[in-house]
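To start, the structure itself, in structure tokens.
Just so you know, all these numbers are worked out from the coordinates, no wet-lab data involved. From a predicted model like this one, the values you see are computed outputs, not experimental measurements. Here Cβ is always computed from backbone atoms with ideal geometry, including for glycine, and neighbour counts include all displayed protein chains.
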Amino acid sequence: MKILLVSDSHGDDVSLREIANKHNNCDLYIHLGDSQSTPDLIRPFVSVRGNCDYYSSKFMNHLDLNSPYGKIYCEHIPYYQMNIPKLKKEKYKIYLCGHTHRRQDVEIEGIRVINPGSIKYPRDGQEGYAIIDIDEKTVKCKFYNL
């Protein structure tokens, strides 16, 4: 399973389309919030609601997904540090978030935590996104620059 991850595009729908067109072989396209857009304009991405997403009430606060590796939890603000006990209890294996405008790929107490960074206003020096490849035994994450 191949998933394209973006976050914090802050109205840059053009870059979202370019990224999706460039990687048109992905199984799923996830926006981790702060698109400042609408579901129709960011398609094929499905999105969670970010703290700046006041344009559309159609975004969910979080997404629950299944993958060959295990359950995935997606939300904008990285609340994983206080949610680790809940995530472990509910057997989540992957936690995807945005908000910080910084890339991250770490494992915390058996849960893989991935943040693709940001399309706009990066705080780690590079506008970008990530693609994760998931199978039953592994999660591989690769970061890309715009």
Orientation-averaged projected area, Cα convex hull of the chain (nm²)
7.7 nm²
With +1 on each Lys and Arg Cβ and -1 on each Asp and Glu Cβ, and nothing else charged, work out how big the dipole of the chain is about its Cα centre, in Debye to the nearest 20.
320 debye
Counting alpha carbon pairs within less than 8 Å and at least 6 residues apart, what relative contact order, in whole percent, applies to the chain?
24 percent
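Full extension from Asn21 to Asp64: what is 0.36 nm times the residue separation minus their Cα-Cα distance, to one decimal in nm? It would help to have the intermediate numbers written out before the result.
Working: separation 43, 0.36 × 43 = 15.48 nm, distance 2.51 nm.
Length difference between fully extended and current span is 13.0 nm.
Suppose R0 equals 30 Å; then what is the FRET efficiency for Val14 and Thr138 from their Cβ-Cβ distance, rounded to the nearest 0.05?
Details: r = 33 Å, r/R0 = 1.11.
Result of the calculation: an efficiency of 0.35.
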With r defined as the distance between the Cβ atoms of Ile108 and Asn51 and R0 fixed at 22 Å, what FRET efficiency is calculated, to the nearest 0.05?
0.50
For region 79-93, take each phi angle, set θ = phi - 60°, evaluate the Karplus expression 6.51 cos²θ - 1.76 cosθ + 1.60, and give the result in whole Hz per residue in order, putting x for glycine and proline.
8, 4, 4, 8, 9, 3, x, 5, 4, 5, 4, 8, 6, 6, 10
